[in-house]
Structure formats: C-alpha cells, structure tokens
Amino acid sequence: MSAAPTLRVPFCDLAREARALGDAIPAAFARVVARGWYVLGPEVAAFEAAFATWCGVRHAVGVASGTEAIQLALVALGVGPGDEVITAANAGVPGPIAIRAAGATPVFADVDEFTCCLDPERVEAAIGPRTRAVLAVHLYGRLAPIEALSEVARRHGVALVEDCAQAHGAARAGVRAGAYGRCGCFSFYPTKNLGAAGDGGAVVTSDDVLAERLRGLRQYGWRAKYATELSGGLNSRLDDVQAAVLATKLPLLAQWNARRQALAASYRCALAGADLALPAPTEDGAHVHHLYVVRHPRRDALREGLRALGIATDVHYPIPAHRQGVPLGRAPAAGLPVTERLAREVLSLPLYPFLSDGELNEVAAAVHQVLAAGGRGRGESA
Ligand SMILES: Cc1ncc(COP(=O)(O)O)c(C=O)c1O
C-alpha cells in the first residue's frame, strides 16, 4: 500500500476562523456561562432578532438543526401524512428525511444541469392532487430560480419552502434567501457560511401566525408552559451558547461571503482553459459559494489525481436521494437523468473564507496538471 500523500490544501480548516476571531468566541461562551441560562434564553432571542433583520423578514425561530427546521416548517404549514412535497434529489438527504419526519412523502423532480437547482417546469409537471409544498434548495450557495418556482407554487396553491442551509445571504435584487417563500430554513452546522460551534438551525418567515406555531412546535408543541396543543412538536431548541457564537459571527457574514465570491472569481480565471465545467456565472450576489463545484465526466480519476498531489476535495453528493439504501421518496417514471449525471460528475474544490490565494493557485495548478496527464473532460460550461 502506498503511503498517504502529504496534505497540502485541506478542504476546510475551521481552526483558521477561530484564530482570526481571537477571543471573541471564548468570550461568547463565557458570557453564557456567567449568566447560567443555556436554552432559549436572552442570547437566542437577540440572535433571532438580528438574523431576522439580516434576512429581511419579521421572525427567525431558532431550532436544533437545519433538518428539524425543515421538518417543523412543514408541520407548521399543516403538511402531514398523505401529503406530498416536491424537492430535489441532488442535495443530500436532510430535505427528504425532514419531509418524511413530517409524515409526508418526498416526490423528486429533476434539476437544471447548469444551476443544479430544481427546474420549475419539472416541478410543475410533478404537482399532483396530494402536493402540499415545494421545498426549493439553494444548492451550493446559488439562489435557485426562486421567482419562477414561487410562481408555480402560487398557481397551484401549494406552499413554497426554501432550504437555505447552503445559502446564507444569497440575494437577487436585494431580496435574500429565506425571504421569498412562506418560510426559509437554515442550518448553522459549523462549516456553513454562518456556522455555530455545534448543531443549530432556524426558520425565518414574515408570517406572524406561522412563527408563533413554530415557537410552540420547537418545544413539545407547547402553547404555554407544560400545555401541549400543537401536534408534531419536538424538543428542537437552540442553545444560548450556539446563539452567542452565531451573533458574534453574523456581523462578519457579508465580508466572508464577499471573500467566497472573490475566491470563486479567482478559480474562474485560474481554471480558464481547463477541460472542465465550471459553475455557471450568476448575477452579483446571487451565489454565496458555500461550495465550489466543478464537473468532469471522469470525476473519480480527477479526484484521485488531486489527492495524490495533496489536494483535498469532496463530492456533494455521490448518491442521489432516490438511490439511497432505504427508500426516501418517489422519482418520476422517466427517472432523474440530470440528477444521476451530476452525481457522477460533480467535484467540490476547497473554498472557504480562510483559503489563501496561494492555496487556490496550488489547487488550480494541480487541476491543470492532472487533466493534462490524462483526465479528459467535455469542456462544456455548467
Ligand atoms: C441543503 C441542506 N439542507 C439541509 C441541511 C440540514 O442541516 P443540518 O445538518 O443542520 O441538519 C443541510 C446540511 O447538512 C444541507 O446542506
């Protein structure tokens, strides 16, 4: 067995962020410990208010994870057993898992090969008598064609829920992810554009009634303390430690997103001429590059070549939701050909705010080197 190559460029290194923040995170922890209020306390209320304002909506309801944000959003909208929710199969399993946890059936629609997001025409074709909602994922940080999806949902009288787990701050014409649908669901998993020091999530909405229901559902379905009146509730509360960390980082999010966008622009220049499909360009601000995902028909060989040169990569995601080991939802009779092809071809290169320009150039040089040595791509843009 050959020795593992020396890692020259990690996929992500959160310790760099912690170093850049200095004492700020330990100070946030210390503030919570000194107060002694750990769950749904003043730090949670303050972060919820700040995050709602940042998203341009009236309410943010902090919950325990992005998956439970989606589950509780659907329950709050009245989605349950016998209902169907249309979503994408190329965005990992949390969405489908959350839909199933709400009691409904995920129905997969194919995605657009350039945006990798739900194709509004295919969504419309998938709508049936049991459809109650569309869960649109802003995948990799790119705002989905949310206006068109919104129009489809409106025409058919179904709710539009946004999965914003990868798209904190993505915006078109000043409207940020989370402010388009009935509600937007966020994850604060540590590697997200806005990440906690553990798990966390939130549902944002401008609907007062929905927000009130969500506040009950995240805490056993309570309307008042010890009085459960909402079915489908959980223990899915946000901790004050996580809220304090998130509130500390929120003022830096725009700057970090701008750095991600600058790195993506640098990749576009540095990878020009490589026989590789790069992410399709977007309007300014509509992509916050949670991930930098390229495509190549011999993805696994390219990935192995990069690994041998010490460049870490990842695949988001190798197994579409309708191909998992347990049934997670229903695919159309015609299948999901674009989704299946993307699963074979997508490759995520390192991109996070603390990746250095030098590291980016190393990654790009390694990509050119591996492709020149034999990985042949199709050269079409994505
Ligand atoms: C697109 C998408 N949706 C939902 C989630 C679920 O978030 P969490 O891991 O906080 O449950 C994630 C994160 O993994 C995600 O990437």
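The values are calculated or read from the model by the stated rules, or taken from the named source; none is laboratory data. Please read these numbers as outputs of a predicted model, since none were measured by experiment. For the accessible areas, the whole protein counts, side chains as well, though only heavy atoms, and no ligand, DNA or RNA atoms are used. Shrake-Rupley method; radii C 1.70, N 1.55, O 1.52, S 1.80 Å.
If DNA, RNA and ligands are ignored and the probe is 1.4 Å, what is the ranking of 249, 192, 225 by accessible area, most exposed first?
225, 192, 249
Express as a percent, rounded to the nearest 5, the fraction of DSSP beta bridges in the chain (both residues included) that run antiparallel.
60 percent
Given axes a ≥ b ≥ c from the Cα gyration tensor, I'd like to know whether region 1-105 is rounded (a/c under 1.5), prolate (a/b larger than b/c) or oblate.
Taking the square roots of the gyration eigenvalues as a ≥ b ≥ c, region 1-105 is oblate.
I want to verify the translational diffusion coefficient of region 38-99 in µm²/s; compute it with Stokes-Einstein, Rh as the Kirkwood radius over Cα pairs, at 10 °C and 1.306 mPa s.
119 µm²/s
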